[in-house]
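Asks: This is the structure, below, for whatever I ask next.
The values are calculated or read from the model by the stated rules, or taken from the named source; none is laboratory data. All figures in this text were calculated on a predicted structure; none of them were measured in a lab. Note that each Cβ is placed from the backbone with ideal geometry, even for glycine, and that neighbours are counted across all protein chains shown.
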Amino acid sequence: MDEFLHMGGYALYVWVSYLLGLLVVVVNLWQTWRAERVVWRQLKRRQRRDESKTS
Amino acid sequence: MWAWLHRLASPKRFYRWSGTLARWAGWFSLLLGVSGLYYALLASPPDYQQGESVRIMYVHVPAAWLSMFIYMNIAAASLISLVWRIKVADMFAAASAPIGAWFTFLALVTGALWGKPMWGAWWIWDARLTAELILLFLYLGYIGLLSSIDERDTAARAAAVLALVGVVNIPIIHYSVEWWSTLHQGATVTKFEKPSLPWSMLRPLLLMSLSATLFYIMVAMRQARAELLSRETDSSWVRELVAGQLGSGSR
Amino acid sequence: MSLLRAGSALLRRDLSLAMRQRGQWLNPLLFFVLVVALFPLGLNPDPNLLRTIAPGVIWVGALLAAMLSLETLFRSDFDDGSLEQMALTSHPLALLVLAKSMAHWLVSGLPLLLMAPLLALLLNLESHAVLILLTTLALGTPLLSLIGGIGVALTVGLRRGGVLLSLLVLPLYVPVLIFAAGAVGNAQAGMAVTGQLAFLGALLALAIALAPLATAAALRISLD
């Protein structure tokens with residue numbers, strides 16, 4: 001386990017690379033979720049408004 | 001034959017098939033990514049010269065590949081948008097750009113992180129890294145142009161022209177940077193030149209590259225769909241969709 | 001009016017307008033000289049150092065001066081509506097763009113070419129390399145006008161498109177810089193320059209053929 005983390009002395013370089021990769025993935029996922037959330041919130045709000053008008 | 005393309009591009013249809021595509025892409029990306037990471041970090045050998053730092057390659061190369069692939073996608077979508085006036089192509093291109101910029105950035109930073117233990121310097125003006133840097137500027141210019149024009153459709157068309165001009169220039173830029181690099185570094189092997197890789201190293205590389213590509217497809221499709229919904233709010237199919245979602249009480 | 005007459009009329013018009021506004025050709029030129037002169041001041045005036053950096057410095061100076069001058073390509077025509085009129089004529093906009101680009105080069109590119117021998121002197125560039133320097137400038141500065149035109153056309157509708165313009169155009173300028181400065185550097189070392197010059201020539205031919213089309217398309221989009 002120790003050797004795995006140590007990466008033959010290159011620990012800093014290897015792990016920062018992988019963490020950065022993870023960061024890029026997470027950031028993009030978050031952007032996606034945020035965009036979807038915003039749109040759905042708007043759509044639902046509009047729908048409820050329309051329904052209350054007709055009922 | 002192009003009627004097929006037009007039908008596929010109709011907002012309602014695009015929304016449906018892109019959703020399916022995104023879902024499949026997402027799950028496969030996860031699957032391939034997990035197994036790719038397993039092979040990259042655990043089940044592949046260290047390099048005879050570079051030791052464990054070669055594992056950075058399994059992040060750097062997929063990122064660099066994606067940075068180019070995404071730009072090609074943006075160019076293709078731009079062409080489709082300009083020639084056939086298909087709006088969803090615009091949305092897909094706009095969604096792709098920030099993702100492409102992020103992966104270009106990742107390629108650059110992992111390139112530096114790979115280079116430091118190898119060459120002792122954080123940055124060398126190696127042909128591939130230099131070309132990657134210029135690609136980042138191409139992405140930022142594209143994103144900048146899109147955001148500075150207020151009128152959405154005008155912005156999309158201007159950005160589409162820019163993307164096509166950029167794609168024509170990419171081979172020229174690559175060729176000139178290659179030439180410049182060999183001029184100043186002699187005929188020595190540029191460090192990212194790999195001799196044919198053994199399967200034990202090729203496998204994680206392919207898995208990670210494929211996983212990253214599918215990740216991009218999922219994210220770009222989902223963002224394009226979100227944009228589509230916000231533009232088509234008043235159409236009947238969207239209303240039905242929302243009503244259905246509210247009725248089932250989910251989301 | 002035939003296309004040729006329209007094109008030459010446009011060329012003459014742009015030239016006479018530029019002549020009346022001295023700034024249009026003088027400013028980029030002065031900027032060119034100033035930028036190049038800054039380098040010995042910022043580094044050290046050792047003749048050997050200057051000789052080594054001369055090709056790159058002169059070319060970067062030319063690039064920046066060209067970028068500075070790009071705004072004048074379409075700005076005033078856009079503002080007073082003549083650009084729209086040009087787009088509405090029956091003549092292909094791309095060819096009118098070519099005429100304007102040529103005028104732009106004569107006003108902002110050619111002076112750089114004429115000033116270059118002086119700058120070569122200031123930076124101690126070997127005399128046998130000066131001819132190659134002029135050749136690269138002769139091939140390269142029209143390229144800068146043509147490629148830059150695309151960027152200007154895309155941003156002409158924006159209020160403060162200046163910085164964005166640099167971001168759009170500089171990556172496209174990189175190959176020109178590499179081959180032009182590379183050719184001069186090779187000439188200094190007594191090596192062959194035919195490859196680089198041929199590449200510049202090919203780029204120029206490609207740009208003359210394609211850039212006006214992209215610029216015209218971009219103009220139509222900006223005019224909408």
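Asks: So C:Ile132 fits all but one of (1) within 16 Å of C:Leu200 (Cα to Cα); (2) surrounded by 23 or more Cβ atoms within 10 Å (Cβ to Cβ); what number is the exception?
Replies: Of everything listed in (1) within 16 Å of C:Leu200 (Cα to Cα); (2) surrounded by 23 or more Cβ atoms within 10 Å (Cβ to Cβ), C:Ile132 misses just condition (2).
Asks: Next question, about the same structure. Can you name the residue in region C:157-175 that is within 17 Å of the chain's Cα centre (by Cα) and touching a residue at least 24 places away in the same chain (Cβ under 8 Å) and is also nearest to the other protein chains (Cβ to nearest Cβ) among such residues?
Replies: C:Pro175
Asks: Consider only pairs whose beta carbons are under 7 Å apart and that are at least six residues apart or on different chains; among these, list those whose first residue lies in region B:226-242 and is at the interface with chain A (Cβ under 9 Å from one of its Cβ atoms) and whose second residue is among the charged types (D, E, K, R).
Replies: B:Ala226/A:Glu36; B:Thr233/A:Arg46; B:Val238/B:Glu232; B:Val242/A:Lys44
Asks: Can you report the number of residues in region A:2-55 which are hydrophobic (A, V, I, L, M, F, W, C) and at positive phi? Write out each step before concluding.
Replies: Let us first name the residues in region A:2-55 that are hydrophobic (A, V, I, L, M, F, W, C), namely A:4-5, A:7, A:11-12, A:14-16, A:19-20, A:22-27, A:29-30, A:33, A:35, A:38-40, A:43.
From what is left, the residues that are at positive phi are A:7.
Counting residues in region A:2-55 that are hydrophobic (A, V, I, L, M, F, W, C) and at positive phi gives 1.
Asks: Return the pairs, sorted by first residue and then second, in which the second residue is loosely packed, with under 13 Cβ neighbours inside 10 Å and of a type in the set (D, E, K, R), the first residue lies in region B:1-17 and is within 21 Å of B:Gln223 (Cα to Cα) and at pLDDT 75 or above, the beta carbons are less than 8 Å apart, and the residues are 6+ apart or on different chains.
Replies: What qualifies is B:Arg13/B:Arg7.
Asks: Considering every residue within region A:11-23, establish whether at least one is over 30 Å from B:Glu52 (Cβ atoms) and more than 7 Å from every other protein chain (Cβ to nearest Cβ).
Replies: At the first step, the residues of region A:11-23 found to be over 30 Å from B:Glu52 (Cβ atoms) are none.
No, because not a single residue in region A:11-23 is over 30 Å from B:Glu52 (Cβ atoms) and more than 7 Å from every other protein chain (Cβ to nearest Cβ).
Asks: Among the numbered criteria (1) surrounded by 21 or more Cβ atoms within 10 Å (Cβ to Cβ); (2) more than 10 Å from chain B (Cβ to nearest Cβ); (3) not hydroxyl-bearing (Ser, Thr, Tyr), which single criterion is violated by C:Phe179?
Replies: (2)
Asks: Might you let me know whether region C:89-109 holds any residue that is in a helix (DSSP H, G or I), crowded, with 17+ Cβ neighbours inside 10 Å, touching an Asp or Glu at 6+ places or on another chain (Cβ under 9 Å) and at pLDDT below 90?
Replies: Looking for residues that are in a helix (DSSP H, G or I), crowded, with 17+ Cβ neighbours inside 10 Å, touching an Asp or Glu at 6+ places or on another chain (Cβ under 9 Å) and at pLDDT below 90, one finds none in region C:89-109, hence no.
Asks: Of everything in region B:89-147 that's among the aromatic types (Phe, Trp, Tyr) and under 21 Å from B:Tyr175 (Cβ atoms), which residue is surrounded by the most Cβ atoms within 10 Å (Cβ to Cβ)?
Replies: If we take residues in region B:89-147 being among the aromatic types (Phe, Trp, Tyr) and under 21 Å from B:Tyr175 (Cβ atoms), then B:Tyr139 is surrounded by the most Cβ atoms within 10 Å (Cβ to Cβ).
Asks: Taking the stated definitions as given, is C:Pro55 within 15 Å of C:Gly109 (Cβ to Cβ), in contact (Cβ under 8 Å) with a residue 12 or more places away in the chain and within 21 Å of the chain's Cα centre (by Cα)?
Replies: no
Asks: Whether any residue in region B:79-95 is more than 12 Å from chain A (Cβ to nearest Cβ) and in contact with a Leu (Cβ under 6 Å, 6 or more places away or on another chain) is what I want to check.
Replies: no
Asks: For region C:6-22, name all the residues that are surrounded by fewer than 10 Cβ atoms within 10 Å (Cβ to Cβ) and either at pLDDT 85 or above or of a type in the set (Phe, Trp, Tyr) (or both).
Replies: Passing the criteria: only C:Arg20.
Asks: Does C:Ala153 fit the bill of being out of contact with any Pro (no Cβ under 9 Å at 6 or more places or on another chain), of a type in the set (Gly, Ala, Ser) and within 14 Å of chain B (Cβ to nearest Cβ)?
Replies: When the stated conditions are applied, C:Ala153 passes them.
Asks: Determine, yes or no, whether B:Gly26 is in contact with a Ser or Thr (Cβ under 8 Å, 6 or more places away or on another chain) and either crowded, with 17+ Cβ neighbours inside 10 Å or under 11 Å from B:Pro204 (Cα atoms) (or both). Talk me through it step by step, then tell me what you get.
Replies: Values: in contact with a Ser or Thr (Cβ under 8 Å, 6 or more places away or on another chain): no; either crowded, with 17+ Cβ neighbours inside 10 Å or under 11 Å from B:Pro204 (Cα atoms) (or both): yes.
No, not satisfied.
Asks: Would you tally the residues in region B:32-51 being assigned to a helix (DSSP H, G or I) and either surrounded by 14 or more Cβ atoms within 10 Å (Cβ to Cβ) or in contact with a helix residue (DSSP H, G or I) (Cβ under 7 Å, 6 or more places away or on another chain) (or both)?
Replies: At the first step, the residues of region B:32-51 found to be assigned to a helix (DSSP H, G or I) are B:32-42.
Those left that are additionally either surrounded by 14 or more Cβ atoms within 10 Å (Cβ to Cβ) or in contact with a helix residue (DSSP H, G or I) (Cβ under 7 Å, 6 or more places away or on another chain) (or both): B:32-33, B:35-37, B:39-41.
So the answer is 8.
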